[in-house]
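*Asks:* Handing you this structure, nothing more for now.
Read-outs: derived from the displayed coordinates by stated rules, not from any lab. Just so we're clear, the structure is a prediction, and the values are computed from it rather than from any experiment. With ideal geometry, Cβ positions are generated from the backbone for all residues, glycine too; neighbour counts draw on all protein chains shown.
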Amino acid sequence: MKKRILAIVLVLALAGAALTGCVKVVPLTSSSPAGGAAEGEGDAESYINGMFQKEAVPALKKKAVDFVQLMTEAKDDLKMVGDKYGRHAEASSPYNFTVKGTATVEEVKTDLRAGYLVLKVKGYTGDAVVKLAVGPVFKGTSTRDSIEAIKFDDYKNQVTFAALSTAIHKNITENVISKVKVSQLKGKAIDFYGTFADEQAGEILITPFEITVK
Amino acid sequence: MKNTKKILASVLAIAISMAAIFTGCSTSTATSSAAQSKAEASKAASSAAASSAAWIKADGASNIIVIITPSHSNPFFKTEADAAEAKAKELGYQTLVLVHDDDPTKQSELFDTAISKKAAAIICDNAGADATVAAVKKARDAGIPTFLIDREINETGVAISQIVANNYQGAKLGAEKFVEAMGEKGNYVELTGKESDTNAGVRSKGYHEVMDQYPDMKMVAQQTANWEQTEAYSKMESIIQANKDIKGVICGNDTMAMGAAAAVKAAGLKNVVIVGLDGSNDVRDAIKAGDIVATSMQPAYDIAQMAAVQADQYIKTGKTGADEKQLVDCVLITKDNAGKLNNFALTK
């Protein structure tokens, strides 16, 4: 009799537990401070490696405006030509421009990891210092932000969106920067294609997607 | 006979106590059972109509825009609430301003409040990227559109707009300045934000995307100070005692940067590079005084006003004219432009 009671009680208890589904699941947050798995990085790299050279670069080359022409039309304010030549996600974001040009490399600055070349662009008479980024560290996201096919709306969150830019810089390092001998560029003439964001007055930092040493 | 009664009684008692124990074990996102059944009832009633066209306005919608943010003790959230309220009022709405204190359960109850008031729209800086999805869905099912600001949620197609500050980009900007100011080398400390806030992880990730590319930069300590100034101070005190040669402290937000700066000063350390994130007036003043090197300003004021404008557009025309997800860039604040910063907005 006692055993039967115990059995009934156990069954009731188990039934109760099963019915209320009392298992607390702690949700994995999509981003944990430091040490969390790289969110979306693998996907971003395969996406970018699949489309950047084949689709994005040809499209960017097609829409690239001559640097001197852009700066001449803009006079002192690139915002004036932003709608005509540039691309920006929000009204308050800086415009991103895709440009091409010919230049002489005046200086090679690679003592800091955000390395760059100081360019004297042929035909440019303005005051802005024109720099061409050569890495290994690349600043900003102007290349990603210039690609028409890429929209934040299509991405889960800003972390997966940011991974695209990281993947683009890696692709540029492997396909563009490694093909030139950066340390030997001083004094040389180059043709370049690149993007830049109108962020800092007086300085134009171009991330290249093609460099041809003449 | 007596025996069976006794047995039955004890079995019942055990069953009831078991039930009581187990139903007490609810997840953190569960609403109270009364609210839950009410929500389920209204969901059932409107789901037939709502299933094909999810954006039908609730019958007899009021003229109230409900604004829900974290606690106003952080001036960032107070600015958001004030800016959204001002724009909503300017556009002819009444407003109800509420705080969820970063508690998803409380946030869910506040959404219920908005539903019971048949709000015209909800503007919300939310309490969790996963936890908030359900709240926005139930508002939608009750015919109320939600416009999210500052923090995003991990699902699209539920809120009308997600006007998000680009925390990741802001963090990268701050880290680039941090690295530059430290001469690309040295020991540094990172203070991270509240773990339950998605942005804590986003900012730390953005920081590390930059800093981890510099092999001579060495992180000697990384701790959370939960976005709090006093906690940052006491954590830094202990960290300084354990690590003498600290050259920089990078903080997930401005209030923690203020705490870290005070601790560094109290310890008599000189030339320590400190960077925060948000763009508060306090840090602006500290930058001017030379105690903090930089911060990234989140355009809280603009974002909140954008939400009010888009809510109004949507209410009147059924469209906002913008994508759902809108990423608004942060602006780096240093000594050069600190003078133009006030209440999370830059003067031209």
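*Asks:* Give the lysines whose C-alpha is closer than 19 Å to that of B:Lys78, dropping any in the same chain fewer than 8 places away, or say none.
*Replies:* B:Lys87, B:Lys89, B:Lys106, B:Lys194
*Asks:* Follow-up. Compute the projected area of the convex hull of the Cα atoms of the stretch A:78-214, averaged over all viewing directions, and report it in nm² to one decimal place.
*Replies:* Projected area, direction-averaged: 8.6 nm².
*Asks:* Now for a different question. Which of the residue pairs B:Lys205/B:Lys244; A:Lys61/B:Lys218; B:Lys138/B:Lys172; B:Lys218/B:Lys340 have a Cα-Cα distance greater than 30 Å in the structure shown?
*Replies:* Over 30 Å apart, Cα to Cα: A:Lys61/B:Lys218; B:Lys138/B:Lys172; B:Lys218/B:Lys340.
*Asks:* Moving on. Taking the Cα atoms of the stretch B:272-330, report the difference between the largest and smallest coordinate on each principal axis, in whole Å and largest first.
*Replies:* Reported extents, whole Å, longest axis first: 52, 17, 9.
*Asks:* Only Cα pairs under 8 Å and at least 6 apart count here; give the relative contact order of the stretch B:70-137 as a rounded whole percent.
*Replies:* So the answer I get is 32 percent.
*Asks:* Once you have the Cα-Cα distance between A:Lys84 and A:Ala128, take 0.36 nm times their residue separation minus that, and quote the gain in nm to one decimal.
*Replies:* 13.8 nm is the gain from fully extending A:Lys84 to A:Ala128.
*Asks:* Another question, then. Exceeding 25 Å between C-alpha atoms, which entries from my cross-link table qualify? They are B:Lys235/B:Lys270; A:Lys63/A:Lys131; A:Lys170/B:Lys335; A:Lys62/A:Lys84; A:Lys100/A:Lys156.
*Replies:* Too far apart for the 25 Å limit: A:Lys170/B:Lys335; A:Lys100/A:Lys156.
*Asks:* Any idea how far the Cα center of the stretch B:309-328 sits from the one of the stretch B:57-108, in Å?
*Replies:* Using only Cα atoms to place each centre, the spacing works out to 17 Å.
*Asks:* To continue, here is another question. Less than 18 Å from a label point 7 Å out along the Cα-to-Cβ axis of A:Thr212: which backbone N atoms in the stretch A:102-134 qualify, by residue?
*Replies:* Answer for this model: A:102-105, A:121-123.
*Asks:* Assuming a ≥ b ≥ c are the square roots of the Cα gyration tensor eigenvalues, decide whether the stretch A:111-165 counts as rounded (a/c under 1.5), prolate (otherwise, with a/b larger than b/c) or oblate.
*Replies:* Judged from the Cα gyration tensor, the stretch A:111-165 comes out oblate (a/c at least 1.5, b/c at or above a/b).
*Asks:* While we're looking at this one, here's another question. Across peptide A:134-141, what mean number of C-beta atoms from other chains lies inside 10 Å of a residue's C-beta?
*Replies:* 3
*Asks:* For the stretch A:99-174, what relative contact order do you get, as a whole percent, if you take Cα pairs closer than 8 Å and at least 6 residues apart?
*Replies:* Averaging sequence separation for qualifying contacts and normalising by length gives 22 percent for the stretch A:99-174.
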